[in-house]
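One structure is given here, and the rest of the page talks about it.
The values are calculated or read from the model by the stated rules, or taken from the named source; none is laboratory data. It should be emphasised that the depicted structure is a prediction, and the values quoted were computed from it without experimental measurement. Cβ placement follows ideal geometry from the backbone for every residue including glycine, while neighbour counts extend to all protein chains displayed. Calculation scope for accessible area: heavy atoms of the full protein, side chains included, ligands and nucleic acids excluded. Shrake-Rupley method; radii C 1.70, N 1.55, O 1.52, S 1.80 Å.
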Amino acid sequence: MEKIDYIDYGTYKGETIKWKVLKQEDNRLLLITDKIIESLPYNLSEKEETNWEKSTLRKWLNIDFYNSAFDVSERKDILECDIEAENNPMYSTDPGSNTNDKIFILSIKQASKYFDSDEERIAKGTEYAIEKGLFRDNKLRSWWWLRSPGEHGRATANVHSDGTILNHGIPVFYNSGGVRPVMWIKLDLVD
């Protein structure tokens, strides 16, 4: 089977979405957006504890993003899958329950597994995400959310702009955080 590194699939805010292939197996591909495509909080409420299952980002990805970024034929090839509520390896924060999603974001464990180095995790934002207020460091790199909980229920783990994974996390209501959607698609669409 020929190895696939990148694929264009769907559009967001008028731009074709470029996806990096994280895993290729049998009849499906695991994809993450090549760039940070949006700047949103993980959860809108700063006062209540949250996790992936209850987050407003999860709802946004699986309703708003899913319905606006993909047409009907593209949506039928996106696979719904079980998403594990993984613990943070450094803190005992409640990760919530497993979910069933079409679009999700990586966990701490997955961000370590699918990227060989901090350098590979470094990401920049699209023009749209930057206009929305995406944080950028002096090298124009940005941080992005992970779904794993942080050190407490009002913080969520993230990938720092230098590519390191921050287990302690960032407050969930920060709206300068980057979103890199992840999904499984049927492999036959790229034949």
* Report the GluC sites (Glu not before Pro) located in segment 31-68 that are in a DSSP loop and have at most 12 other Cβ atoms inside 10 Å of their Cβ, or state none. => 46, 48
* Asked: Considering the dipole of the chain built from charges on the beta carbon (Lys and Arg +1, Asp and Glu -1) around the Cα centre, which of 89, 22, 79 is farthest to its positive end?
  -> 89
* Extending each Cα 7 Å along its Cβ direction at residue 91 and residue 186, get the distance between those two points in nm, one decimal. => 4.1
* **Extension gain (nm, one decimal) between residue 98 and residue 137, 0.36 nm per residue minus Cα-Cα** => 10.7 nm
* **Label-point separation, residue 84 to residue 64 (7 Å along Cα→Cβ), nm** => 3.0
* Leaving ligands, DNA and RNA out of it, report the carbon-plus-sulfur percent of the accessible area of the chain at a 1.4 Å probe. => 44
* **segment 1-63: trypsin sites (Lys or Arg not before Pro) falling in loop per DSSP and having at most 15 other Cβ within 10 Å** => 3, 13, 47
* If eta is 1.002 mPa s and T is 20 °C, what Stokes-Einstein diffusion coefficient results for segment 1-84, Kirkwood Rh from Cα pairs, in µm²/s? -> 147
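Compute the relative contact order of the chain as a whole-number percentage, counting only Cα pairs closer than 8 Å that sit 6 or more residues apart in sequence. Before the final figure, lay out the partial values.
Values: 448 pairs, mean separation 56.8, N = 191.
In percent, rounded to a whole number, it is 30.
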* Per residue of segment 10-17, in order, report the coupling 6.51 cos²θ - 1.76 cosθ + 1.60 (Karplus, θ = phi - 60°) as ³J(HN,Hα) in whole Hz, putting x for Gly and Pro. => x, 9, 9, 6, x, 10, 5, 8
* **Gap separating the Cα centres of segment 28-83 and segment 124-191, nearest whole Å** => 12
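Nothing charged except the Cβ atoms of Lys and Arg (+1) and of Asp and Glu (-1): what's the magnitude of the dipole of the chain about its Cα centre? Round to the nearest 20 debye. Please list the in-between numbers first.
Details: 26 positive and 33 negative charges, 79 e Å.
Taking the Cα centre of the chain as origin, the dipole is about 380 debye.
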* **Accessible surface, the chain, averaged per residue in Å² (probe 1.4 Å)** => 49
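Just the Kirkwood number for the chain, please: inverse of mean 1/r across all distinct Cα pairs, in Å, one decimal. Don't skip to the answer; put the middle values down first.
Working: mean 1/r = 0.0604 Å⁻¹.
One decimal place: 16.6 Å for the Kirkwood radius.
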* Value of Rg to Rh for segment 1-43 (Rh from inverse mean 1/r over Cα pairs, i.e. Kirkwood) -> 1.06
